[in-house]
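The structure under discussion appears below in the form of structure tokens.
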Amino acid sequence: MRYITTIIIGAGQSGLAMSMHLTDRSIDHVLLERGEVANSWQTERWDSLRLLTPNWQSRLPGYAYEGSDPDGFMKVAEVVSYLTRYADVSGAPVQSRTKVTRVRQLDTGYEVSTDQGMWRCQTLVVASGACNIATVPAVAMGLPPKIASLTPMHYRNPESLPEGGIMVVGASATGVQLAREIRASGRNVVLAAGEHVRVPRVYRGRDIKWWMEAIGAMDLRYDAIDDVDRARRLPSLQLIGTPGRENIDLNSLRKAGVEIVGRIAGMRDGKLQISASLPNHCALADLKMNRLLVSIDAWILSSGQEDCFPASHRFEPTEIDPHTRLVIDLNDGSVKTVIWATGYSPDYSWLDVPVFDRKGRIRHNGGVVAAPGMYVMGLPFMRRRKSSFIDGAADDAADLAAHLTLGLRRLAA
Ligand SMILES: Cc1cc2nc3c(=O)[nH]c(=O)nc-3n(C[C@H](O)[C@H](O)[C@H](O)COP(=O)(O)OP(=O)(O)OC[C@H]3O[C@@H](n4cnc5c(N)ncnc54)[C@H](O)[C@@H]3O)c2cc1C
């Protein structure tokens with residue numbers, strides 16, 4: 001049994017940012033990591049993936065991008081090197097190849113079982129990621145057996161897919177990126193789109209991520225909005241990081257030859273029933289995109305910078321094919337593989353502490369978990385809109401490290 005003040009579970013950006021703050025505060029700690037630093041990026045992403053956030057926005061406590069392409073988008077291998085270097089320069093005490101198998105609450109503190117032995121700690125930071133499991137809807141159970149079914153966590157490239165047509169389900173960042181890449185490889189692709197969030201890559205000469213930061217959207221706090229539950233469930237933005245800074249949306253995919261259909265409503269006898277909600281979902285996405293652009297225009301005007309940027313403009317509304325299919329027969333051989341890009345969820349199967357709500361989510365207040373001395377990091381809109389992004393780890397870790405330190409002082413007193 002080993003004893004330490006704080007255990008951080010996970011050495012992704014969240015765990016590393018927290019470690020940096022604990023080091024600054026001289027709190028002894030260890031990061032237990034089942035793989036190596038940046039394991040999720042190394043093992044759970046597809047080959048061609050680039051960040052959709054610009055390089056300058058990969059800021060971590062005491063560390064920033066210093067390369068020659070601040071407006072570019074890192075490839076996965078570059079993200080891994082970036083985080084590995086951060087772990088080195090920050091001296092993060094990572095114990096890699098150590099899988100946490102159980103966490104149990106004690107009278108004070110926690111007992112952490114791993115496949116490399118047991119630990120005890122006073123405070124615990126769960127930084128094990130928000131995207132450990134790909135969420136697959138129940139309808140997948142009814143797929144005809146000859147249709148291959150996979151999730152983005154196992155997709156690597158178009159060449160590794162079975163021959164034939166592909167259906168991608170879900171039109172958030174992951175779904176639209178996979179549909180684009182697979183279509184570009186020459187396959188027939190159908191994309192099933194439900195609620196989605198459309199944004200341009202560049203507006204009035206600047207990256208949309210730059211604008212969202214400028215107008216304060218990324219720093220919006222969880223306790224300053226009306227419906228944080230809804231905000232935490234919102235789909236990710238339709239964005240892709242490419243050297244050409246292209247837009248990716250249903251219009252661009254349609255032009256590239258992707259067939260767009262609505263949300264999957266059910267399946268009967270191998271036939272997918274498609275909801276007729278596509279026009280509504282697209283109208284809503286267009287409306288929300290325009291609202292964002294209005295906010296940007298208003299910010300430019302109110303800050304007296306109208307002459308500093310190109311003129312305001314709007315993008316083509318999403319075009320809907322009037323013959324959009326409402327039934328797709330999976331028995332007719334046109335689709336051979338379905339990829340479920342329908343979201344991700346965390347895996348807390350090892351967390352044996354009663355901190356869950358009835359949907360299995362950790363109960364927390366801005367990352368302060370409903371158990372003494374326990375914290376969570378990296379969840380969507382956890383403390384701020386940027387919480388689940390690389391750029392969000394620094395501020396959240398600073399806040400939570402301060403809370404943790406206070407708790408330790410109280411304990412000592
Ligand atoms: C496809 C995709 C693309 C994304 N693109 C971007 C982007 O462009 N820009 C951006 O800012 N964000 C992006 N994100 C969001 C976010 O930055 C990543 O999900 C990031 O990996 C989250 O970092 P994290 O440290 O919170 O979690 P993770 O990186 O998932 O780190 C958690 C760590 O915990 C370890 N772990 C888990 N369980 C255990 C256990 N039981 N025992 C020991 N170790 C364990 C894992 O191995 C992992 O290393 C993307 C996410 C996805 C899924």
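The values are calculated or read from the model by the stated rules, or taken from the named source; none is laboratory data. Quick caveat: nothing in here was measured; it's all calculated off a predicted structure. Cβ coordinates were reconstructed from backbone atoms using ideal geometry, including for glycine residues, and neighbour counts include every protein chain displayed. Ligands, DNA and RNA are stripped out before the accessible areas are found, and what is left, the full protein with its side chains, is counted by its heavy atoms. Shrake-Rupley method; radii C 1.70, N 1.55, O 1.52, S 1.80 Å.
Summed over region 66-91, the residues that are closer than 19 Å to Ser14 by Cα and more than 12 Å from the ligand (Cβ to nearest atom) give a count of 7.
Taken together, the residues in region 183-206 that are open to solvent by less than 60 Å² (accessible area, probe 1.4 Å) and within 16 Å of Ile260 (Cβ to Cβ) amount to 10. If His281 satisfies every condition in (1) assigned to a loop (DSSP other than H, G, I, E, B); (2) surrounded by 11 or more Cβ atoms within 10 Å (Cβ to Cβ); (3) not acidic (Asp, Glu) but one, which is the exception? Of the numbered conditions (1) assigned to a loop (DSSP other than H, G, I, E, B); (2) surrounded by 11 or more Cβ atoms within 10 Å (Cβ to Cβ); (3) not acidic (Asp, Glu), the odd one out for His281 is (1). In summary, Tyr348 fulfils each of the numbered conditions (1) hydroxyl-bearing (Ser, Thr, Tyr); (2) assigned to a helix (DSSP H, G or I); (3) open to solvent by 10 Å² or more (accessible area, probe 1.4 Å); (4) in contact with a Phe, Trp or Tyr (Cβ under 8 Å, 6 or more places away or on another chain) with the single exception of condition (2).
Looking only at residues of region 21-48 that are more than 8 Å from the ligand (Cβ to nearest atom), among the polar types (S, T, N, Q) and within 18 Å of Val125 (Cα to Cα), we find that the one that is most open to solvent (accessible area, probe 1.4 Å) is Ser26.
Here Lys336 clears all of (1) in a loop (DSSP other than H, G, I, E, B); (2) surrounded by 12 or more Cβ atoms within 10 Å (Cβ to Cβ) except the condition numbered (1). Checked against (1) open to solvent by 60 Å² or more (accessible area, probe 1.4 Å); (2) more than 14 Å from the ligand (Cβ to nearest atom), Arg59 passes all but a single condition, namely (2).
Taking the conditions (1) more than 9 Å from the ligand (Cβ to nearest atom); (2) buried (at least 21 other Cβ atoms within 10 Å of the Cβ) in turn, Leu51 satisfies each one other than (1).
Residue-wise test of (1) at pLDDT below 95; (2) within 15 Å of the ligand (Cβ to nearest atom); (3) open to solvent by less than 10 Å² (accessible area, probe 1.4 Å).
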| site | (1), (2), (3) |
| --- | --- |
| Gln177 | no, yes, no |
| Glu181 | no, yes, no |
| Ile208 | no, yes, yes |
| Arg221 | no, no, no |
| Leu234 | yes, yes, no |
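Please go through region 224-250 and give me each residue that is of a type in the set (A, V, I, L, M) and part of a loop (DSSP other than H, G, I, E, B), ordered by number. Once the filter is applied, which keeps residues that are of a type in the set (A, V, I, L, M) and part of a loop (DSSP other than H, G, I, E, B), region 224-250 yields Ile225, Leu234, Leu239, Ile240, Ile248. Exactly one residue among Val136, Val76, Val89, Val100 is within 24 Å of Tyr375 (Cα to Cα) and modelled with pLDDT of 95 or more, and that residue is Val100.
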